[in-house]
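What follows is a short report on a single structure.
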Amino acid sequence: MRTEIHTFLQQEIKYLPGVGPRRAELLHKELEIACYRDLLYHFPYKYLDRTRFYTVREIRPDLPAIQVRGRITSMTRVGAAPRERLVMSLSDDTGTVPLVFFKGIKYIAASVRPDTEYVIFGKPTLFNGSLNLVHPEIEPLARQEEGFSVGLQPQYPSTEKLRSHYLTSRVLHKLMATLWAGLPGQIPETLPEGMRSRLGLPSLHQALFDIHFPQTPELLRKAEYRLKFEELFYLQMNVLSSKMYRKNTVPGFRFEHIGQLFNDFYENHLPFRMTEAQKRVIREIRRDLGLGRQMNRLLQGDVGSGKTLVALSAMLIAIGNGFQACMMAPTEILSRQHLDSVSRLLEGLPVRIALLTGSTSRAERKQIAEGLMEGSIHLLIGTHALIEETVQFRNLGLVVIDEQHRFGVAQRAALWQKNECPPHILVMTATPIPRTLAMTVYGDLDVSVLDELPPGRKPVMTYHYYDMARRKVFRFLREQLALKRQVYVVYPMISESEKSDYENLERGFAIIREAFPESEYTVGMVHGKMKNEDKDLMMRLFKSGDLQILVATTVIEVGVDVPNASVMVIESAERFGLSQLHQLRGRVGRGAEQSYCVLMTSVKLSQDARKRIEVMVETNDGFRISEVDLDLRGQGDIEGTQQSGKGLRLQIADLARDGQLLQFARNQAEEILEADPLLNKPENHILKEECARRKTTPINWGRIG
Ligand code: ADP
Ligand code: MG
């Protein structure tokens, strides 16, 4: 019985009556539906409420799609092709409303019978002051009573391409009905009986039926809850069990003591007091490093919270214990900046540092390679170049990955293989990640949070201006420049290959040059296509104060630290994502002066863009911004999820909305794994099976290397 249903669910979708090879190919390409089971797990994204009928008199233009029952009392074709339209009157006891069709006129006109009762379903609109329904669904009442479109009507995700091949939501629903009718038995349960009854969850069979064919809102709600819970629960089971596995089995170097080096640094070289949050996180890291198990820690902290210092402390502990450390940054500019600031902080301490980037010469490379092998280089800073195969360490003890969202998992993995025993890993985020994402995508890491900014920071003040107010903005910039501050002006560079982006940048530069002439102001420009030396020179000139205005693309987005810069102007701000905007804003407000961020946009803004701008103006809190970002973009689009291999593709749960359920599911998973880590108890048999089946997302860091 079980095998029969399994075989059924694994059948290729082309065998489902009504599909066939051509549609099968489309379903596969567009929706990744390959077998019956995939179709069954293609869930509706919303439901139209067709439980209620409206009378004609009740129709108002502000109603959503509604249904009305009545007869077609007249039918006329108005106008001539291609403007021709078909206007029918739908009447019930309370009145008459026009139905208007622009397409498929012939077919519709031919199929409608005057003496039949119809059910109309559509959105009322106001046209030229009178109410009508444009292109409503129209179906004889008799057919409807066969049960197809009663109650809550599911709407399935579809694509333009599918629709053009008549694979509409409605057709998908019909296919679903065909599939369901052919089921050779109950769909096997995937949650333990005990858990289901304890939590009051319907069976999987029931839930799948109700999600596709909901008879009442209550049944639908229960089905959604069960399916969401299950999805999040198994995600957490896998994340937590790989974390447990790693903690119990992957060995790691034991850093016996905190080391003289760190102590010396802390007592004699620190230019400021650490924040309490920094101290706490360093303690957390210190504890990890002493356990003899590999550390995998995610360090979250808002822009400017001082993550680098924490990383440096961890590296000093490693070096003080006789190991090497390396720190990888996403760009050349950042690597150099890290080198500069780390060298400055470590002045006088016996630490040898080297820089390795794409532009390191062959000869230098060779020297570095030797130094690393011998162990005379203690600390290596650099870009992706660090993870090339030729780079070999003598005893790499700790890897710090800065601004991690720029790195792919495969790249991280490469670092692991540089040792017999894997080095400890500290991953730092560029901007905060919503809690729910941290629990899933990075859920098998330990997380530390820097929730405090160094003292004396004034929150950046953010303003939104439309393009036509540019002169006013320029006036403000002049005032700031007169106070000896510096200014960034950033242009969007969505893709390095797009010519128009460079044109915008050049034009922007010209405009700035005109408003801030050479005779009075120094202006520089930096973008990704420049040679590294030139980029570097510009950054250096800006850092040293020799440039007052830096016109740039997002190459300066992450990490760049010039405390005297107090204004960040972002042109075409509507084209940036929220985390980018927040990162860019984080380039100012790093010194003691009041800093400003000016978001320039055109007047026409999409709803989402407006929301992004609004939230930027309203708050400086990166955690809050990340939540809004998640909500606006959806989890599939968030950087970091895409990068975790295939991305986090949830079928029904939504990390922006189901945070509470996620926490609940995590707690359940924790309880179970604590009591039965390997899931060997008979009542957990089902869990073990399901966990194995679903072991694909998220990427399992613990097993790599
Ligand atoms: P981020 O977390 O964004 O990477 P950084 O590590 O670049 O932040 O730190 C931002 C700035 O704050 C740097 O100039 C750094 O020197 C400074 N800083 C870090 N910690 C402290 C502290 N405890 N007190 C004062 N300034 C600090
Ligand atoms: Mg940083």
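Estimate the FRET efficiency between E256 and D536 by the formula 1/(1 + (r/R0)^6), using the beta-carbon distance for r and 45 Å for R0, to the nearest 0.05. It comes to 0.65.
In region 45-87, which chymotrypsin sites (Phe, Trp or Tyr not before Pro) are in a loop and have at most 12 other Cβ atoms within 10 Å, using DSSP for the loop call? All intermediate terms of the calculation are to be shown ahead of the outcome.
Values: sites: Y45, Y47, F53, Y54; in loops: Y45.
Here the sparse-neighbourhood loop sites are Y45.
In plain terms, the residue of K222, K174 with the fewest other Cβ atoms within 10 Å comes first and the most crowded comes last, giving K174, K222.
Residue separation of D621 and R475 scaled by 0.36 nm, minus their Cα-Cα distance, works out to 49.7 nm of gained length.
Over all directions, the projected convex hull of the C-alpha atoms in the chain averages 37.8 nm² in area. FRET efficiency for the pair R394 and R273, taken as 1/(1 + (r/R0)^6) with r the Cβ-Cβ distance and R0 = 25 Å, rounds to 0.10. Remark: region 199-312 carries a charge dipole of roughly 320 debye about the Cα centre, counting +1 on each Lys and Arg Cβ and -1 on each Asp and Glu Cβ.
Highest mean first, what order results for 252-258, 324-330 on Cβ atoms within 10 Å?
324-330, 252-258
Distance from the C-alpha centroid of region 341-371 to that of region 84-113: 78 Å, rounded to the whole angstrom. For region 478-517, the set of GluC sites (Glu not before Pro) satisfying both a DSSP loop assignment and a count of at most 12 other C-beta atoms within 10 Å is given as E496, E498. Each peptide in 673-682, 232-241, 199-208 was scored by the mean count of other Cβ atoms within 10 Å over its residues; highest first, the order is 232-241, 199-208, 673-682. The sum of -39500 (n - 2.57) across all DSSP H runs of n ≥ 4, divided by the residue count of the chain, sets its helix-only mean residue ellipticity at 222 nm to -12000 deg cm²/dmol.
Applying the criteria of a DSSP loop state and at most 13 other Cβ atoms within 10 Å to the chymotrypsin sites (Phe, Trp or Tyr not before Pro) of region 257-339 yields F272. For the peptides 97-105, 313-321, residues were scored by their other Cβ atoms within 10 Å and the scores averaged per peptide; the highest-first order is 313-321, 97-105.
What share of Cα pairs, in percent, lie more than 22 angstrom apart in region 52-148? Summing the P(r) of region 52-148 above 22 Å gives 24 percent of all pairs. The angle between the Cα long axis of helix 607-618 and the longest principal axis of the Cα atoms of the chain comes to about 40 degrees, rounded to the nearest 10. With all pairs of different alpha carbon atoms counted, what Kirkwood hydrodynamic radius in Å does region 461-619 show? When all Cα pairs of region 461-619 are included, the Kirkwood radius is 15.6 Å. Only the Cβ atoms of Lys and Arg (+1) and of Asp and Glu (-1) were treated as charged; on that basis the dipole of region 52-148 about its Cα centre amounts to roughly 400 debye. Compared with the dominant Cα axis of the chain, that is its longest principal axis, helix 470-482 is turned about 20°.
Computed over the Cα atoms of region 485-553, pair by distinct pair, the Kirkwood hydrodynamic radius stands at 12.3 angstrom.
Among the DSSP beta bridges whose two residues both lie in the chain, what percent are antiparallel, rounded to the nearest 5? Here the antiparallel bridges make up roughly 40 percent for the chain.
Among T73, T601, the ranking by other beta carbons within 10 Å of each residue's beta carbon, starting with the fewest, stands as T73, T601. Candidate cross-link partners of K529 among the lysines, defined by an alpha-carbon separation under 16 Å and a same-chain spacing of 8 or more, comprise K499.
Every number here is computed from the coordinates shown, using simple stated rules; none is lab data. For clarity, every value in this text was computed on a predicted model and none was experimentally measured. Reconstructed Cβ throughout: ideal geometry from the backbone, glycine too, with neighbour counts over all protein chains shown.
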